[in-house]
Amino acid sequence: MNRLIAAVALMLIALAPTPLAADPADIAAASRSVVRVVLIDTDGGNYTLIGHGSGFAVGPNLVVTNAHVVASMAGRRTMRLGIVPSQGKSGYFAKLVAYAPKQDLALLQLTEPGNLVPATLFTGAVTDGEDVWAIGYPGNVDAAQGYSERDLMSPSAPVKTHGTVSAGRNGHGFDSVLHTAQLAAGNSGGPLLDACGRVIGANSFGTDSASGADSAFYFAVSMREISRFLLTKGVKPALTGEPCQSLAAYQSAQDQLLAGEKASADDHSRAEQARRDAALQSATRKAEQDVITARENHLALAGIALLAAIASGSAGLFLKSEERPGLRKLAAIGSVALLIGALIAWFSRPSIVDIVSRAQMLVASGEPSESPEAANDAPPQEGAMICVIDTTRSRITVSQTTDVPLNWRADGCVNNKTQYGLPPSGWTRILAPQNEDTVSVATYDPASRTYRTDRYLLDEATMTSVRASRTAYSPPLCGGGEDAARKLGESQAAVLALLPPQPNERLVYRCTKQP
C-alpha cells in the first residue's frame, strides 16, 4: 500500500506544473562573469571615459559584447577599450578581435593574462513564458548613485532585472529573444540568463514609445547567433543543454524519492517478516511432530526396558543359586541395567517446551547461505570502478557529466594518489583550485558505491577565505592510516563551515566495479 501511495504521489508531482523560481545563488554565480566594457579616449595623454556597455566572459581573457557598444572606436586611434570585472581590484585593457555588426556581436580579448570567470552558455530551447534575468550596468543606476568616471572604471556588482520570455523574433537582421527584463543604456552586451544562470542571449536593444505609455519589451541576440559567431572565431565556450531545475524542485523531488524508497523498504521489510513468520510456523509444526514422535518413542523404549527388567528379575528368582549361580547373578545385573535404561529413556524424553527452540533451529538451518551472485553484488572495499551520473539524484546547471573513473582503496586512497578525509559524514575531499572560483566537495560511500560532488560557485571574497582555510593544512599522502584520515577530516571541517548551506550543483554518480 505504501508503495502505491508513493507512486501516486510521484505521478501527481510529475503532472502538476512546478513554478521555476530562480535560486539567488545561481544568478549570483552567473554575475561573476559579467563585465563593464568602457571606451576610453587617451588623446593628449589623458584618460577620458567616452561611454560604456556590458559584456560577459566566455574565457579567462575573452569577452562577448554588442557590436554597437564598440562601434565608436572605428577610425579613432586614441580610443582604447577597458574591461572592468564585477569583482577584484582592477580592470584590464582589451582589443577588438572580432566584429559582426549584422549580428550586433563583438569579441574582445584582454591584452594581458586575465582570470575572468567564464559564463556557461545554454544550448537548449528557450520557451515562451520562462523566467529570465538581465544583468549589466545600466547608466541610469550609475547616475542615480552619483558614480564618477573613476567609479565606472572600478569593479562593482552588476544590476539584475527580472522578466519573462515573450518569443523568438527575427529583427534587425539577426535572430533574437524578446523578453520583459528591463534594460537601460549601458545594459547593451550584457547576458540574458535563464533561471539557472546560463546565458541564453546577449541583450541588445529595447522598444521605443513616443508616448511612454506602451509596455516595454527588449531584445537579446539569441544563443543561435552567439554560438555561430564564436564557432567562426574558433572560441570554445562552456556549453550545456541540461534542463534547468530549481533548487526547490530538486529538493522536493529528492524528498519524494526518499519517501518512495522508504515505502518500498517498509514493504520489503513487511514481506520479509511475513516470510519469516510463515517459515517459523511451518518449522513449529514440524518440530511439534518431531517432539511428539520422540516422546512416544522414549516412552515405548522405557516401557519395553521396564518389562524386560521385570522379566529378567523374575527369571533370576526362579533359578536356584546352587544349580546356576552365574546365571542368577547375570539376570540380576541385567534387570538392574534394564531398569536404569528405562529410567534414562523416561527422563530423557523431549519436553513440550523444546518445540519452540527446535523450530528456531530449523528456521536458522534453513536460511540459504550467500550465493556467488550476492557475493559479487556486495560493495567492493577496493578496486577500480567507473562512476556514471545519476540524473534522478543530481542537480546539474553548468557542469559536464562525463563518467568518472574511481580507483578506491579501503583506507580512503583514491586513484592511488589522493587521500580522502574521514569526518563523521564519511569519506570526503575538498578541492579549491587556484585557477577557478569553484569549490568542489567530493564524497564517496563504499557501502552504496555512491560518489558525489557538491560544487559551490563562490564570489571572490568567499573564495579567498576558503583558500586561506584550505592552505592552513596539508593533506596526508596515501597510506597514512586511519588517524591521519580522521585528522584530515577534522581539518576539512573548518573549510566546510565557510561554504553556503546549499551547493549550486550536486552531481551524484553510481559506481560499478570494472571487470
Checklist outcome for this item: Cα extents of the stretch 373-515 along the principal axes, largest first, in whole Å, come to 52, 36, 24
Next on the checklist: How large is the translational diffusion coefficient of the stretch 61-117 in µm² per second when you combine the Kirkwood radius over alpha carbon pairs with Stokes-Einstein at 10 °C and 1.306 mPa s?
Outcome noted: 134
Checklist entry - Within the P(r) computed for the stretch 82-157, what percentage of the Cα pairs occupies the region above 21 Å? => result 48
Checklist entry - Accessible surface of H179 in the full protein assembly, 1.4 angstrom probe, to the nearest 10 Å²? => result 0
Item to check | For peptides 403-413, 182-192, sequence by mean Cβ density within 10 Å, most packed first | outcome: 182-192, 403-413
Checklist entry - Do the alpha carbons of any pairs in K160/K233; K89/K160; K160/K487; K160/K236; K487/K513; K95/K160 sit beyond 32 Å of each other, and which pairs? => result K160/K487
Checklist entry - Can you list, largest first and rounded to whole Å, the semi-axes you get for the stretch 464-515 by taking the square root of 5 times each eigenvalue of its Cα gyration tensor? => result 23, 21, 9
Checklist outcome for this item: All alpha-carbon distances of the stretch 18-130, grouped into 10 Å bins from 0, give the whole-percent distribution 13, 40, 30, 12, 3, 0
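The values are calculated or read from the model by the stated rules, or taken from the named source; none is laboratory data. All values reported here derive from a predicted model rather than from experimental measurement. As a convention, Cβ positions derive from the backbone with ideal geometry for all residues, glycine included, and neighbour counts pool all protein chains shown. Heavy atoms of the whole protein, side chains included, go into the accessibility calculation; ligands, DNA and RNA do not. Shrake-Rupley method; radii C 1.70, N 1.55, O 1.52, S 1.80 Å.
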